[in-house]
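The values are calculated or read from the model by the stated rules, or taken from the named source; none is laboratory data. Computed from a predicted model, the values in this text were never measured in an experiment. Cβ placement follows ideal geometry from the backbone for every residue including glycine, while neighbour counts extend to all protein chains displayed. Just so you know, the surface numbers come from the protein's heavy atoms only, side chains and all, with ligands and any DNA or RNA stripped out. Shrake-Rupley method; radii C 1.70, N 1.55, O 1.52, S 1.80 Å.
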Amino acid sequence: MTSVTNGISPSSPGEGDPQWARTIIGVLKTYNIRFLNLVPDAIGERLLRVARGDPAFEILPLTREEEGVGVVCGQAVGGARGVLLMPTSGLGNSLNALASLAIPYRIPLPMIIGFRGDLGEFNAAQVPMGQATTAVLAALNIPAFTLTREDEVERVTDGALKLAYANEGPVALLVSTQLAGWKNEK
Amino acid sequence: MIDHLEATRYLVNRLTDELVVASLGNAKYALFQSGDRALNFYLWNSMGMACSMGLGMAMARPERRVIILDGDGALLMNLGSLATEAMRNPPNLIHIVWDNRQYQLTGGQPTSTAYRTDLARVAEGAGIANVVRVESLSAYQRAIDKAFSQPGPWFIHALVEAATTHVRPPKSPTFIKHRFMTELGVSH
């Protein structure tokens, strides 16, 4: 049995952390992002493994992704920066809060979205939302950038965050399965 | 039963530098009518998001008291937020829920609190440290006085009479945000 207290989960940083995850966390630090708000997914967990134990970050687990939109917006108008980590299914849970809060109130909201329902997916129930993700983001005019290669991670992450704070709105960084891999399950 | 506007006025008269976020509907109308101020953040949609936004504010500004003005219908849309609030356990947070047992602005359809749901017990079960349920103005005033003098988080479940107003707060989302952040002295 494992325990979770105040957002600290049992796994910790180690040699196995992928470079892309270290790079993203490094870029978040350069933007003074303090709060990592999340609903867990396997891709987001790679980022959390790097961030845990780093005093620059506070981690807030949520019950549902829509909550995270409200939480990041509250942090933002309070003068602190946060991001929302979630899987593609979570974007579906977040839509009205994005459309009615972050967008009209013009609040920077970087979302780091782990791609489910794409290349290598074993679970058919993840596919419809996964395949709709880029179209849904486009319908809301939310800029979206997909990370597929290790050598572009730093530049694209940096550019996406710069855009979010300049434009004062949501921006999506999609972490593809080409970069992060997929589940072994058949 | 508590008069919602009178209860909101009692709160507003105590405010100094607190951050206040008000849910869509009567919570924000009564807040505006009781006293507009730059540190009032009015939500024009985003049903259920006032509590999450208040938690974010409380995390960003731990030195300031943050007050969430919620409605029963709005909170029922985001009950999971109570678990998140309890886990984070912010001592600077006061979460007030005005419970009129109906979706008043859409025609008075009953919410589940008109039947068997007790939001104070839901908050207790979620693990919120200090939960008070009040049905009279004097009990409400005592609860507010206590919440302003002792560390939170506080959850004040106030049973109010169904009433509304035609007074409306500013409608521009960006005006509300800029005024709030300017008063707080912060930027993105």
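Here the average projected area of the convex hull drawn through the C-alpha atoms of the stretch A:107-158 stands at 4.4 nm². Taking θ as phi - 60° and the Karplus parameters 6.51, -1.76 and 1.60, the scalar couplings of the stretch B:94-111 work out to 10, 10, 9, 10, 8, 10, 9, 6, 7, 8, 5, 6, 9, x, x, 4, x, 8 Hz in sequence order, x denoting glycine and proline.
Estimated purely from DSSP H runs of n ≥ 4, each contributing -39500 (n - 2.57), the mean residue ellipticity at 222 nm for chain B is -12500 deg cm²/dmol once divided by its residues. Where the alpha-carbon atoms of the protein assembly as shown are placed on the principal axes, they occupy 63, 44, 40 Å, in descending order. Net charge of the neighbourhood of B:ALA120, taken over other residues with C-beta under 12 Å away and scored Lys/Arg +1, Asp/Glu -1, is -3. Taking amide H atoms as placed 1.01 Å from N in the peptide plane, the amide H of A:TYR105 has no partner under 5 Å among residues 5 or more positions away or on other chains. Scalar couplings 3J(HN,Hα) for the stretch A:23-30, obtained by applying the Karplus form with A = 6.51, B = -1.76, C = 1.60 to θ = phi - 60°, are 5, 4, 4, x, 5, 4, 5, 5 Hz; x denotes Gly and Pro.
Taking the chain by itself as reference, the stretch B:151-188 contains these residues with an accessible-area loss of 30 Å² or more in the full protein complex (1.4 Å probe, heavy atoms): B:PRO173, B:THR174, B:LYS177, B:HIS188.
Buried accessible area for the B:A pair, summed, 1.4 Å probe, in Å² rounded to 100? Intermediate values should be presented prior to the final figure.
On the way: alone 8530 and 9200 Å², together 15140 Å².
Accessible area lost upon association: around 2600 Å².
When Cβ neighbours within 10 Å are restricted to other protein chains, what is their mean count per residue of peptide B:81-94?
3
Peptide B:59-67 has a mean shielding of 4, counted as Cβ atoms of other protein chains within 10 Å of each residue's Cβ. Here the stretch B:4-184 is described by how far its Cα atoms reach on the three principal axes: 43, 35, 30 Å, from widest to narrowest.
Dividing the alpha-carbon radius of gyration of chain A by the rule-of-thumb value 2.2 N^0.38 Å gives 0.95. Excluding same-chain neighbours fewer than eight residues apart, the lysines reachable from B:LYS171 by a Cα-Cα span under 16 Å are B:LYS28.
Residues of the stretch A:79-93 that bury at least 30 Å² of accessible area once all protein chains are present, compared with their chain alone (1.4 Å probe, heavy atoms only, ligands and nucleic acids left out), are A:GLY79.
Within the shell defined by Cβ-Cβ distances under 13 Å, the residues around A:ALA76 carry a net charge of +4, with Lys and Arg each +1 and Asp and Glu each -1. A DSSP coil position with no more than 16 other Cβ atoms inside 10 Å describes the following chymotrypsin sites (Phe, Trp or Tyr not before Pro) in the stretch A:42-136: A:PHE122.
Taken one residue at a time, the phi angles of the stretch B:137-151 give Karplus couplings (6.51, -1.76, 1.60, θ = phi - 60°) of 4, 5, 5, 4, 4, 4, 5, 5, 4, 5, 5, 7, 10, 10, x Hz. Gly and Pro are set to x.
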